Amino acid sequence: MAKKILKWVGIVLLVLIILLVTAPFIFKDKIKSMVAKAINEQVDATVAFEDVSLSLFSNFPMASVTIDKLSIINKAPFEGDTLVYMGRIDASMSLNELFKGEGEAMSLETLHTKDGVVNILFNENGVGNFDIAIKDDSQKPEDNASESKPFALDLKDYQVENLRFRYYDAGSKMSMVIDSLYHEGHGNFEQNVLDLDTKTTANLTFDMDGTNYMRDVHLKLDAILGIDLENSVYTFKENKAHINQLPLEFDGSLALLEEGQKFDLTFKTPTSSFKNFLGLVPESYSGNLEGVETQGDCSITGMVKGVMTDDTIPAFNITILSDNASFKYPDLPKSIQNIVIDAKVVNETGIINDTYVNVDKLGFRIDKDIFNANATIKNVAENPLVNAALKGTINLGNLGQAYPVDLDIPLAGIIKADISTKFDMKSIEENKYENTDNRGSLALSGFTYSGDDLPNPIKINQANLQFNPTRVNLSEFNAETGGSDLAMSGSLNNFYGFLFKDQVLKGNFNLSSNKLMVSDFMTAETPEATKGTKKEDTKETAQTGKPAQASEPVKIPAFLDCTITAKANTVVYDDLNLKNVAGKLIIRDETVTLENLRTDMFQGVITANGNVSTKTNVPNFTMSLDLNKVDIPSTFTQLEMLKSIAPIANVITGKLSTDIVLSGNLDNKEMTPVLNSLTGSLTGQLLNTAVKAENSKLLSSLDRNVDFIDMSKLNLDNVKANLTFDDGKVNIKPIDLNYKDVGITVGGQHGFDQTMNYTVTFDVPAKYLGKEVNNLIASLNDTDASKITVPVNAVITGSFDNPKVSTDIKSSVTSLTQQLIQQQKDKLINQGKDKLKDKLNDILGGGKKEEENNNTDNNQSTDDKKEEKPEDKVKDAIKDLFGKKKKE
């Protein structure tokens, strides 16, 4: 009998195991279909999920359903925006729920979500993205289907883990983000009236109209809520809340109405210790409050009562009061005393714009330094009206010894303020500064500032500001950073717009410096970028002024619109030392414009005009440079750009005057020109020059191939050059040079990659071209020899480091030889022609003479005149001429 029982138990267990293993495959499609139906029949949005799985083991005897990566994407007018995303949804139900028939709802008992995102958005027309329920009858399924409910909630436990909730209203420019939200609840939702035991933690950030009011405020609430599901009323019972480290207790209720929510809440601090106020400050700034000694009271109370609708808010009153309080941290030597606080935030009407903030008193003392302030803000929604006053002294060194501030460099410096201000935000936005009333002064001395955005701390020795209704005047500013010193004065024209509305900061300044190192103002490398860098390299960078490599592209600030008239005795950039620098810099629209920036450099004077812009993704520049009598070796060895434009110049000594016009792109980290992007021109003149041919492989190679010229004695004085460059090529227009009585013309092009293709034409006197040519020349008279020249062409290719030179000297000599032989023939023929001409002249001249003689000599007979004719004499002369030539 026992064997039969064991047998049947074994069979039953086997069947159960088989069912448990196969059930997920049997019911998976059913569950997946029900999930899709539950969502798609209710919403007008794009819904997708990666997978739905069923398990009977993970939560046995309950069945567990998991939905992975569920997303709900809005359609127009928020098309493409994510309304809901859930990385994972886990639900559990009784096994019996799996066997319900078509149309019967499955009851869920637990629900757990993880890694979710919810975005609630309102556009400028007040339309919300969450209203995705199907409204049009044509969109609804058939009646039977629409009445079915695939899932019913009979929850006893639920949990939301790591949810990010974002609310944004484009109309009011209100933004609220609740991040890292964890919330769990335990209760029996089968009952209409229940107590729900909840635990909640989250971080809250709140911005409105571009102003941040709360950032990462840590919230914690452990509460038992009395819930009336039939009337939608939620009542606070036992609860403990914290805002940062501030403890609060709530009392009252919240009711959900058809249109809005009804609040009737009060809250207060459970004790009156001054620690309550310190608790408002995030722990990252205030530190751990345990062990802090406090004296005096501080109470925080508040109430919220009324209905929240689209047009109204509940009335509220939040008050913070403290009188003659003090506190001291156990590990700090000083305390903050005589603390007085009287502040409230109030709305009595339910109209948002009627909210006002009063800080009637705010004051404290550290040692002998006393600081007081008061302020009121009204008309907060439409056009905030601000009235504030600050007066007192704060020694930052004492503040750092009384309040925990975690900085790499200890706080130091003294702030003295005596300022009053009255303004409305609309006037600030519209730059109507005549409607503001700002008076007083602010002084800062002995202050040191450091940060990740600066390679070296900035020490402000003295800064004095004066405030008036139209601008802020900077009467004095003396500072040092790294190896640089600064002295500045000027004015800021819209400081309040910049401070409160993120407007462009406008100003005019005069700047002077004894030594200015550009690297002291360039972004330093991130720790990742400098990992493995030697300390010696870092030290060398600081001493030489060479810019540190930026981890992010260098950007000219978009918020600046300033004109700076600058003067510096020395400016160090990379390995360059600029002396007596003076000029004007205009910073506007992410562009720096240089006007008549002049400096003594390379033993001459350089003047620059142009601009540098980082407005686009690729920084670019346009520049006009005037170099007046600069030293050629220094200029072309230290400026990489000019070295690439004219590589041959590094073998020339002397002076250069030139005008350069160029534009191109800049490397977005080191802000140096990208050579292949350069376009422009260079025109210049060489002065008092000499050539070091032995330093140039090109000239040495040319010297070997052309033996009639000594390249080291080439005369380049007053030579004028004209270059253009584009697409990585430098084109040189023909340049005329002279070497003794040899004319030289150079033209062609080279690339920034140092490849070249040049033609050099030499107009060579024939006397330099060998013995054979000189023997022919010797047969000519000196006058003819001096006129004989021959062009010799040299073609230069390859690169400046590996030049290839070819000439046509042999063919030129052969051509000249033929020319000289022909010239000799022509000379002899011309000599014969001259003799013939002389002979003819004699003949013709003699006949005439004889005729004249006959006229005068009456004694000569007529027979004698006819005896010898002119024609016969010509014939005889020609015979004699060619007879002699032939004989010769």
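Please treat every number below as a calculation from the coordinates, not as lab data. Only a predicted model underlies this, so the values are computations on that prediction, with no experimental measurement involved. Here the Cβ is made from the backbone with ideal geometry for all residues, glycine too, and neighbour counts use every protein chain on show.
Each peptide in 119-129, 218-228, 485-495 gets a packing score, the mean of other Cβ atoms within 10 Å over its residues, and the list from highest to lowest is 485-495, 218-228, 119-129. Sequentially through segment 110-118, phi angles give Karplus couplings (6.51, -1.76, 1.60; θ = phi - 60°) of 9, 9, 9, 10, 9, 6, x, 9, 10 Hz, Gly and Pro residues having no value and appearing as x. Taken one residue at a time, the phi angles of segment 748-754 give Karplus couplings (6.51, -1.76, 1.60, θ = phi - 60°) of x, 8, 9, x, 5, 7, 6 Hz. Gly and Pro are set to x. Pairs with C-alpha atoms separated by more than 22 Å, drawn from the list Lys305/Lys426; Lys643/Lys692; Lys459/Lys567; Lys643/Lys720; Lys697/Lys810; Lys426/Lys584, are Lys305/Lys426; Lys697/Lys810; Lys426/Lys584.
Based on every Cα atom in segment 258-406, Rg and the maximum pairwise Cα distance Dmax equal 18.1, 59 Å.
Less than 5 angstrom separates the built amide H of Gln603 from those of Asp631, all sequence-distant by 5 or more or on a different chain.
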